[in-house]
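A.B. asks: What follows is a single structure, and I will ask about it in a moment.
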Amino acid sequence: MPKVTFIEHDGSVHTFEVSSGQSLMQVAMSNRVPGIIADCGGSCSCATCHVYLDPEWLDRVAPAASAEKDMIDCALHVQDNSRLSCQIELDESLDGIVVRLPESQT
């Protein structure tokens, strides 16, 4: 079971062991992680599940598709490591992944 850590902008840490096949957004919503709103329910059409991947995970996660890139452009405080958590599906290769929440999602 992969372990996932969400770090809020204020430094609060939330770590969960989860089943493979869930998206980061689904994990956040199921566990009520503050700052992940997911207005669109995971259809890549709102950017309210915007996260920053910790640098060590950038090469381990599949690159963003064009629809995700377009939606990220609508988010606030975008960085090079910005992703939509609804578009990252968890499996054993992502065990230990760490994501941070932007200031705009507090």
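A.B. asks: Looking at Val51, Val33, Val27 in this structure, which one is in contact with a Ser or Thr (Cβ under 6 Å, 6 or more places away or on another chain), of a type outside the set (Asp, Glu) and either crowded, with 17+ Cβ neighbours inside 10 Å or in a strand (DSSP E or B) (or both)?
C.D. replies: Among Val51, Val33, Val27, only Val51 is in contact with a Ser or Thr (Cβ under 6 Å, 6 or more places away or on another chain), of a type outside the set (Asp, Glu) and either crowded, with 17+ Cβ neighbours inside 10 Å or in a strand (DSSP E or B) (or both).
A.B. asks: Here's a follow-up. Run Ser104 past the list (1) touching a Leu at 6+ places or on another chain (Cβ under 6 Å); (2) under 21 Å from Ser19 (Cα atoms); (3) not β-branched (Val, Ile, Thr) and report the number of the one that doesn't hold.
C.D. replies: (2)
A.B. asks: Counting just the residues of the range 83-106 that are assigned to a helix (DSSP H, G or I) and in contact with a His (Cβ under 6 Å, 6 or more places away or on another chain), which one comes out surrounded by the most Cβ atoms within 10 Å (Cβ to Cβ)?
C.D. replies: Ser104
A.B. asks: A further question follows. Here's a check for you: in the range 40-86, which residue that is in contact with a Cys (Cβ under 8 Å, 6 or more places away or on another chain) and of a type in the set (S, T, N, Q) is farthest from Val4 (Cα to Cα)?
C.D. replies: Taking the candidates together, the pick is Ser43.
A.B. asks: Right, next: Condition check: in contact with a helix residue (DSSP H, G or I) (Cβ under 9 Å, 6 or more places away or on another chain), assigned to a loop (DSSP other than H, G, I, E, B), loosely packed, with under 15 Cβ neighbours inside 10 Å and not aliphatic (A, V, I, L, M). Does Gly41 satisfy that?
C.D. replies: Yes.
A.B. asks: Can you tell me which residues in the range 63-80 are within 17 Å of Val99 (Cα to Cα), of a type outside the set (Asp, Glu) and outside any helix (DSSP H, G or I)?
C.D. replies: Pro63, Ala64, Ala75, Leu76, His77, Val78, Gln79
A.B. asks: Looking at (1) closer than 19 Å to Gln22 by Cα; (2) of a type in the set (Ser, Thr, Tyr); (3) free of Cβ contacts under 8 Å to residues at least 40 places away in the same chain, which one does Ser85 not meet, given that it meets all the others?
C.D. replies: (3)
Where a number appears in this text, it was derived from the coordinates with a stated rule and is not lab data. What you see is a predicted model; the values in this text were computed from it and never measured. Cβ coordinates were reconstructed from backbone atoms using ideal geometry, including for glycine residues, and neighbour counts include every protein chain displayed.
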